[in-house]
Every structure is written in structure tokens, then in C-alpha cells.
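The values are calculated or read from the model by the stated rules, or taken from the named source; none is laboratory data. No experiment lies behind these values; they were computed from the predicted model shown. As a convention, Cβ positions derive from the backbone with ideal geometry for all residues, glycine included, and neighbour counts pool all protein chains shown. Note: areas computed on protein heavy atoms with side chains; ligands, DNA, RNA excluded. Shrake-Rupley method; radii C 1.70, N 1.55, O 1.52, S 1.80 Å.
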Amino acid sequence: MKSDTEPSDPHRPLPRTCLADVRELRGGGRSGFADAVREAGSRLEAEPRKRWEWDAIGATLGALGVDGPDADLVGLGVGDEALMFHLARRCRSVVGVDRYAADNAWREARYRDAEAVAAAAPFDYPADRLRVMDADMRAVPRPDASADAVWSCSSIEHVPDPAELLAVFHEAQRLLRPGGVLVVTTEFSLHDTPYLLPGVLAWDRRTLAWADAALPGLERLGPTDLGYDASCMGHAPTPRRREAALRRGRVSGDVDAAPQGVARLAGISVVVPILLAWRKVSDERRAWEDSGPAAEVRRYTEALRHHRAQRDREAAALLGPMFGTLGQDGATRQWALHAGRLLLECEARGGLVSEAGLRSRIAALRELSGDGPVVDADCLDLCGYLLGELGDPAGADAVDLACLSSPSTTAEHVMQLATRVVVRHEGRGEAAARARAEVEGLRGHGLTEAELRAGFFDRVARAGVSMPGP
């Protein structure tokens, strides 16, 4: 992991562009949000990385003087985050937007409607100052120049492609008054390689350079400090299946009580939160085509748009060369895996290649992924499914079980994969037993019995396979 500086000072002045440092939570953090956390006590579920993001955003808004009784704020992709309730205590008005639905893929926005979010606040707040809205963060139903500050906590990366990321910035710029500020946290890859899987667009150094050129109406504030002290226990990469345990740990100022939780394994990459702040200096904008993305990012974005519209042949024509060349450079293996996974989907969905061609593509993806303990389940999942459909249960098991045991696989994905293996073998045999054992092991990673039943046992039962309960 590269570092531009010496290990980060745990008392870094703000604003600045910097990576997460869990030590900044010691002593209650840098913002008044810590008081709200202490008041909420055990009712507030929050991982160390999320607590750092809330504290960093709150402290930056305070340092820039936009969190007081005359301030109007808008939060993008807020889910049910505690920060918006804290800001409602301090500011004149707060508007929080997200797309809420009971079946939302993101746990934080899994509510029947916006009113249910407000009712679930972890502590008291003046209800007349907060409005939670069901809206897309790229099209917020608020007037131009109506906010003194816009914030977003690890949400802007959930758009489908880099061009839509630019659209989020343009919407924030529209909402801000002249001189208003935008403060965000998002994901940053420690491996200096793009992580551009749709819905998880992690930044890297090149993204920072692109943003500076692409956003002439927004001035990035403070110094850039990409130092990351990997020797700190709290900065060690955490298996993604541990997220529930970290979230449900005791919320306090004692960061040593939860020694991990800032860095995440994502595929074969490691990502950490990054804090950024901008000030609006003008209404000038640049269209995506004129914003200066690297040629490969531009082609990949075009491919993503074809893929999303199910124009499989057009997408495959762009993705094929990416998969064929990017994998030759170890620094871009993650991106090549993403391109290969999307290419395989286009080829299978669009009937673009023969069965032999699909098998060949699957073999190439598996070879690129490698045989280590960390495999990218998000990219290889489709390989396991297709091998099963092609009548190769042994090959499907090999892929699915590798994905099941990878520390970069989420608990939800573990249960989905395990269901597939168990159903494939009607609950019997070594593969089914290994899959179930991985699910049983999730208890030690913080999942409740209700979550295990809904995520695995009930799914298996609905498929007509009989298994003893947990």
C-alpha cells in the first residue's frame, strides 16, 4: 500500500482531502456529533468506518462554518444515517434524500417510505427542521441555490457509471448557493487501480485529477493527504462478512474495542473512505464528453451504458479488448475482472458465442482471478451459475465454494451462494455440507438467527429442499 506522506496525524486540521484514520475517533472525535453518539448509546449501530465518516463530515462542516442556526443543508443518499438527525439539531433546515423501498439492495435505505426513516431516528431532534424525501440524488426536488452546504456519506459511488457520478456533482452544484460547500466521503482504492463495478465506483489518484479538471465550478478545499498508516490495527483490511459484527458492536469513544473496520476488502482490492470538500465558485459545468476522462474510462463507461440497456453486442465489442489487454498488467487485474464479468454476461444473455465460447470465457476469468484465498465473488458468481446451467456441477461447486470462503464476500452473498450449492445437490453431499458450514459460521460474524433464516434456510425451503433448521 503506497503512502504519499508519513503516517497520518490523528489531529489533522480540516478541510482537507484525506483517507480515514480511526485514531481520530479517540477522545470523542472532532465534531459535536460524538455527543449525539454517546446519548444514543447502544441504540445506534455504527461501524468504526461509518463513525469516522460521520465525524469527519460533521467536523468539516463545522470548520467551514456551515452547520449553524442560519444554515440550510441537503444530504444526498442519506439512508437512515444518524448524521442528518444531528445536523437537524444544529441547523435551520435539513433535507435528506434517498430512494427508499422495503426491498432496497442497501440496508440503510430499506424502509417502506421516507416517513418511516424519520420515525426511526436514534435520538431526539426538532422534527420541524428535517425533511426526509424519497428522491434520486441526481434529481433533487429542491430549488436552485437553496443550500448552504450539501453532504454525502459513502453514497455517491452507488451510481451505475462514471458519467452518472459527474451528474451527482452537477446536482450538488445546482443546489448550492454561491460560496456554498460540498462535503463527501466515498470509497478510495489503495491499489492505484480503478474499481468501477456498477454501483461501487471507488476513487483512485486518477479520479482525483479528473475531478479537479471536470468540475470548474467547484474548488477543492485544503491540502491533499493520501497517507495511510497500515500499521495501525484499525486500518487492517476487514473481511466483508464481519460488517454486521462491527456495526452491532458497542458504540463508544474506545476505538480499541473494535480494532478493525476502516479498510474493506472489495473483490481483490482494498478500499477505505476518503474525505473531500469543495466550495462553489461558479455555475460553470462540463459535459461528460468534455470533462477529460481517460480514454479507457470513457470506453468503459460507454460499455456500461450499452450493458445496462441490454445492447449486448455493442457492449461486448468494447469490453472484449479491455478484458484481453488489461489483465496483462497486474495493477489493472481488478478492472479486467470487472470487464470480463460484464462481457460474460453480455455473451450469455445475448447468445453471442457458442457453449464452447462461454466455457472458454469462464476459464479465462477463473485464471485471471487466481487461486489465492481472496477471489472476487462479484465477478466469479456468474461463472458458477453458468457452469451449473451448462451441466458442470463440479466446476460450479469449485467456483461457488471459492467465492463462499473468500474474505471479500459479504454475508448476504455467502447466503445466496450457499443456497445455490445446497439446492444444486438437494441438501446432500460434501459440497452442500461445506456451504452450510460457511453459513453457520456467520453467527460468529454478527448475524442474527432471523437474518440467517431469511437469508438462507427459508430460501432453501422455498426451493423445495428439506434441511434441519439452525
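Numerical summary
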{"quantity": "Of all residues in the stretch 234-258 being under 22 Å from the mean Cα position of the chain (by Cα) and surrounded by fewer than 16 Cβ atoms within 10 Å (Cβ to Cβ), the one that is modelled with the lowest pLDDT", "calculated": "ARG248"}
{"quantity": "Selected residue (only one of GLU81, GLU53 is under 30 Å from ALA411 (Cα atoms) and either among the polar types (S, T, N, Q) or open to solvent by 10 Å² or more (accessible area, probe 1.4 Å) (or both))", "calculated": "GLU81"}
{"quantity": "Members of the stretch 368-378 that are of a type in the set (Asp, Glu) and either part of a loop (DSSP other than H, G, I, E, B) or over 23 Å from the mean Cα position of the chain (by Cα) (or both)", "calculated": "ASP371, ASP376"}
{"quantity": "Filter result (part of a strand (DSSP E or B) and closer than 15 Å to VAL272 by Cα) within the stretch 197-216", "calculated": "VAL200, LEU201, ALA202, TRP203"}
{"quantity": "Lone unmet requirement of (1) part of a helix (DSSP H, G or I); (2) in contact (Cβ under 8 Å) with a residue 40 or more places away in the chain; (3) touching an Asp or Glu at 6+ places or on another chain (Cβ under 8 Å); (4) farther than 20 Å from ALA149 by Cα for PHE123", "calculated": "(1)"}
{"quantity": "Residues located in the stretch 291-312, provided they are farther than 15 Å from THR207 by Cα and open to solvent by 90 Å² or more (accessible area, probe 1.4 Å)", "calculated": "ARG299, GLU302, ARG308, GLN310, ARG311"}
{"quantity": "Residues of the stretch 265-320 satisfying the condition of being part of a loop (DSSP other than H, G, I, E, B), within 30 Å of PRO223 (Cα to Cα) and either free of Cβ contacts under 8 Å to residues at least 12 places away in the same chain or of a type in the set (Asp, Glu) (or both)", "calculated": "ASP283, GLU284, ALA287"}
{"quantity": "Residues that are aliphatic (A, V, I, L, M) and either at pLDDT below 75 or surrounded by fewer than 17 Cβ atoms within 10 Å (Cβ to Cβ) (or both), drawn from the stretch 1-35", "calculated": "MET1, ALA34"}
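This table checks each residue for (1) outside any helix (DSSP H, G or I); (2) over 18 Å from LEU326 (Cβ atoms); (3) among the polar types (S, T, N, Q); (4) modelled with pLDDT of 95 or more.
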| residue | (1), (2), (3), (4) |
| --- | --- |
| LEU358 | no, yes, no, yes |
| ALA363 | no, no, no, yes |
| ARG366 | no, no, no, no |
| LEU380 | no, no, no, yes |
| LEU386 | no, yes, no, yes |
| GLY395 | no, yes, no, yes |
| LEU401 | no, yes, no, yes |
